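Report on one structure; see the data block that follows.
The values are calculated or read from the model by the stated rules, or taken from the named source; none is laboratory data. From a predicted model like this one, the values you see are computed outputs, not experimental measurements. Here the Cβ positions follow ideal geometry from the backbone for every residue, glycine too, while neighbour counts run over all protein chains shown. These accessible areas exclude ligands, DNA and RNA; they are computed on the full protein's heavy atoms, side chains included. Shrake-Rupley method; radii C 1.70, N 1.55, O 1.52, S 1.80 Å.
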Amino acid sequence: MTEHSEHGTQFVSKKYTSWPAMTEDINGGTLHAAFILAPLAMVMAREGDVPVKIVHLGHRDGTAIVVRKDSPYESFADLRGTEMAIPHRYANQRILIEKLKEDFGFGDDEITLIDFNPPEMPAALEAGQFESYIVGEPFAAKAEVDGFGRVLYFTKDIWPKFISCVLIVTQELIDTDPELVAELVQGISASGKWLDEGDERLMAGVHREGHIPVDPGRGAQVIIPDGFGTSPRMQAAMIASQRQYYNQDPELLKWVLSRPPDRVRYTELALARDEMEEIQRYAERLGFFSRRPVTAEDPFGFDDYCDPSFAESGRRPLPLQPADGQ
Amino acid sequence: MSQSVRLLTAFVLFLGGITLAHGVLNLAWLEEPREKLFVGHLPVT
């Protein structure tokens with residue numbers, strides 16, 4: 001959101017199509033901040049070429065298990081003997097499936113997990129390449145909106161406050177420009193609070209259709225069509241749909257952010273030690289740190305991969321337009 | 001003052017002027033108000 005602000009740093013979205021491409025840029029020293037899968041971030045902090053730290057969460061929940069609408073599956077138990085696509089072997093979605101396997105008494109081989117690129121999951125489900133997939137939005141909603149898929153579980157119902165992606169920054173950036181990291185973290189925190197609890201004032205750069213000022217100012221301009229809605233979530237859907245961000249149909253993002261409203265949440269994004277340690281325990285058990293196992297002689301813990309200080313260091317106001325400026 | 005000293009003084013003043021002008025311009029560039037940081041993400045939550 002701060003890209004639309006009048007002052008301060010310009011945080012520029014750099015969109016990737018795969019996790020390896022992103023981790024390659026981080027390890028190559030050309031990318032210093034990214035939203036990335038939580039366990040993958042831990043693996044990078046433990047085994048990567050460039051030291052990184054998790055400094056904030058990106059959101060909570062916002063992941064679902066999807067099956068075909070015409071399939072007979074009503075419970076995870078029904079998926080015994082089937083194939084399921086997961087976004088990455090080091091994803092918290094995989095950890096969730098391992099937890100469900102324990103809860104439902106599955107043996108190791110009773111469901112086959114396949115690494116699959118998230119944007120391709122809906123079409124592959126429709127084509128019958130696997131029976132289900134687990135993914136972050138908007139690729140769960142995509143199957144619903146297109147009419148062939150249905151949600152078997154929202155993560156909010158089976159692992160409340162589920163953590164998928166986290167914000168990592170390189171230790172180099174922390175050391176050279178901690179104020180910049182604080183500005184980014186506090187901007188994300190303030191944006192999340194606005195998304196979940198804000199009023200209908202428009203964000204800077206956002207305009208209602210037919211109410212575009214003669215001199216809209218610098219930066220990207222976003223037009224909200226009549227009837228779309230102007231709540232913070234609807235504004236966010238229009239902003240995120242822009243080509244430089246998600247480049248998705250705004251109606252799909254509107255679905256994600258409203259059906260139901262707690263499908264994905266943007267508050268409580270501070271790093272909680274117990275939650276991260278739970279993910280780490282599963283990551284260790286599943287062998288995520290195979291190149292450098294965690295031992296008593298070579299320990300690894302919350303303080304090695306998390307730095308919660310930036311969220312705690314202050315609050316940042318958002319560039320909202322005055323209510324009478326509509 | 002000899003002709004050569006006058007020429008040298010003029011050249012030094014010229015160099016000084018160029019350096020000062022560059023300094024002012026550089027300062028102006030440094031004062032560009034906004035820093036830029038790329039933040040990587042996939043189009044997925």
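For this structure, a couple of remarks:
- Relative contact order for the range A:71-147: 39 percent, from Cα pairs under 8 Å spaced at least 6 residues apart, divided by residue count.
- For the range A:153-176, the residues whose backbone nitrogen is under 12 Å from a point 7 Å from the Cα of A:S313, taken along Cα to Cβ, are A:173-176.
- A DSSP coil position with no more than 16 other Cβ atoms inside 10 Å describes the following GluC sites (Glu not before Pro) in the range A:156-221: A:E200, A:E209.
- The range A:87-230 - accessible surface per residue (Å², probe 1.4 Å): 41 Å²
- If you run the Gaussian network model on chain A, springs between alpha carbon atoms under 10 Å, then out of A:T295, A:T112, A:T176 the most flexible one is A:T295.
- Within a Gaussian network of chain A (alpha carbon springs, distance under 10 Å), most fluctuating of A:D215, A:D25, A:D307: A:D215
- Only lysines eight or more places from A:K161 in sequence, or on another chain, were considered; those with a Cα closer than 25 Å are A:K53, A:K99, A:K101, A:K142, A:K193, A:K254.
- Remark: the protein assembly as shown carries a charge dipole of roughly 800 debye about the Cα centre, counting +1 on each Lys and Arg Cβ and -1 on each Asp and Glu Cβ.
- Positive-end residue, the range A:61-158 charge dipole about Cα centroid, Cβ charges, pick of A:P72, A:F106, A:S132: A:S132
- Surface composition of chain A: carbon plus sulfur atoms contribute 48% of the solvent-accessible area (1.4 Å probe, protein chains only, all chains present).
- Of all DSSP beta bridges confined to the protein assembly as shown, the antiparallel ones make up roughly 60%.
- Accessible area that becomes buried as A packs against B, both chains, 1.4 Å probe, Å², nearest 100: 2300 Å²
- For the range A:274-308, the list of GluC sites (Glu not before Pro) that fall in a loop by DSSP and count at most 14 other C-beta atoms within 10 angstrom reads A:E297.
- Mean Kyte hydropathy of -0.5 or more with a Cα span along the axis of at least 24 Å, helices from DSSP in chain A: A:178-197
- Applying a DSSP loop filter and a limit of 14 other Cβ atoms within 10 Å to the GluC sites (Glu not before Pro) in the range A:111-157 leaves nothing.
- Listed by chain and number, the lysines whose alpha-carbon sits under 16 Å from that of A:K14, ignoring those within fewer than 8 places in the same chain, are B:K36.
- Extreme residue, positive dipole direction of the protein assembly as shown, given options A:V181, A:F154, A:T295 (C-beta unit charges): A:V181
- A Gaussian network model of chain A, with springs between Cα atoms under 10 Å, assigns the largest mean-square fluctuation among A:D70, A:D175, A:D298 to A:D298.
- Each part reduced to its alpha carbon centroid, the range A:95-135 and the range A:265-311 end up 24 Å apart.
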